[in-house]
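The values are calculated or read from the model by the stated rules, or taken from the named source; none is laboratory data. Keep in mind it's a predicted model, so treat the numbers as computed, not measured. Neighbour counts run over all protein chains shown; Cβ positions are idealised from the backbone, glycine included. All accessible areas refer to the heavy atoms of the entire protein, side chains included, with ligands and DNA or RNA removed. Shrake-Rupley method; radii C 1.70, N 1.55, O 1.52, S 1.80 Å.
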Protein chains: 2
Amino acid sequence: MVVYCTLPADGLPEEEVDRIFRALADSTRRDILRRGLGSEASVSDIARDYDMSFAAVQKHVAVLEAAGLVVKRAQGRQRLVRTDPERLQRAQRVLDEYVALWRARVDRLDALLTEDD
Amino acid sequence: MVVYCTLPADGLPEEEVDRIFRALADSTRRDILRRGLGSEASVSDIARDYDMSFAAVQKHVAVLEAAGLVVKRAQGRQRLVRTDPERLQRAQRVLDEYVALWRARVDRLDALLTEDD
DNA sequence: CTAAACTACAACCGAATGGTTGTATATTGC
DNA sequence: GCAATATACAACCATTCGGTTGTAGTTTAG
């Protein structure tokens with residue numbers, strides 16, 4: 001076995017990247033994320049908007065929190081949920097890296113071809 | 001239940017976005033993606049580099065293919081795998097949208113605050 | 001032609017997911 | 001103080017996932 005490219009993206013360990021993309025791979029969670037982008041809402045506020053149990057929504061929020069995409073703040077009996085845009089941009093940067101790598105390789109290929117001319 | 005934001009991102013249906021992020025949520029698959037960015041490799045070429053069975057790698061490639069992140073081309077008895085950068089950029093654009101939405105909301109909040117001054 | 005290589009695919013297994021209900025613990029409102 | 005609200009968390013269930021082995025179909029090499 002040869003590990004082909006071990007670069008941990010953005011300084012983020014691979015398991016972190018796993019968790020981030022895994023968290024993004026569910027439409028309910030993406031919806032909660034969008035919702036938490038501008039404002040804070042309690043878990044039950046959020047739960048009220050989805051056709052599933054409170055516990056299910058709570059789990060989705062937990063997945064987002066474990067991925068660092070969302071932070072929870074205690075206020076009395078409720079936990080206010082807010083999206084961390086920094087973390088979203090990290091996910092973006094991982095993809096940026098891939099696209100940049102692709103461009104670099106395409107450019108290198110172009111260079112080789114023009115060199116042959 | 002109130003669906004909070006049904007915008008299908010980029011014209012992509014939600015299940016497609018699910019599949020893309022799900023496919024990205026595994027380090028082996030991300031590795032295969034990076035590898036397929038500049039060049040083509042057969043499935044067994046790829047499999048040779050990982051410490052798992054051929055069938056396992058084949059499945060990973062299938063997941064990437066189902067997500068549209070990779071295309072396979074038949075050449076004789078082998079299938080050449082190549083990454084589709086277009087698709088990566090789509091995933092990027094989904095995140096772009098979230099970040100843009102966030103900025104818009106922050107700007108709106110700023111506007112309200114300065115208005116109050 | 002036959003053997004080897006490349007792929008596809010099914011069946012199986014343990015672990016993780018996405019949902020449920022139920023119970024326990026803080027906090028709040030009256 | 002007590003009832004209602006908000007959360008946490010465990011237990012359970014069906015399904016999916018990531019891996020395995022095994023079998024079968026093509027294509028290539030000798």
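From helices alone, chain B scores -19500 deg cm²/dmol at 222 nm; the rule is -39500 (n - 2.57) for each run of n ≥ 4 DSSP H residues, then divide by the residue total.
Amide H contacts of B:SER42: B:VAL81, each under 5 Å away and 5 or more positions distant or on a separate chain (H built 1.01 Å from N in the peptide plane; Pro and chain starts excluded). Other residues lying with their Cβ under 15 Å from the Cβ of B:VAL57 contribute a combined charge of +2, Lys and Arg counting +1, Asp and Glu -1. In a reduced charge model with +1 at each Lys and Arg Cβ and -1 at each Asp and Glu Cβ, the range A:78-117 shows a dipole moment near 660 debye about its Cα centre. Once the 1.4 Å probe is applied to the protein heavy atoms, chain A comes out at 54 Å² accessible per residue. Annotation: B:SER53 carries an accessible surface of approximately 70 Å², with a 1.4 Å probe and no ligand, DNA or RNA atoms counted. Of the solvent-accessible surface of the protein assembly as shown, computed with a 1.4 Å probe and all protein chains present, 49% belongs to carbon and sulfur. Interface between chains A and B: roughly 4000 Å² of accessible area buried, both sides summed (probe 1.4 Å, protein heavy atoms only). Please grab the % of Cα pairs in the range B:14-116 that end up more than 22 Å from each other. Roughly 41 percent, once rounded to a whole number.
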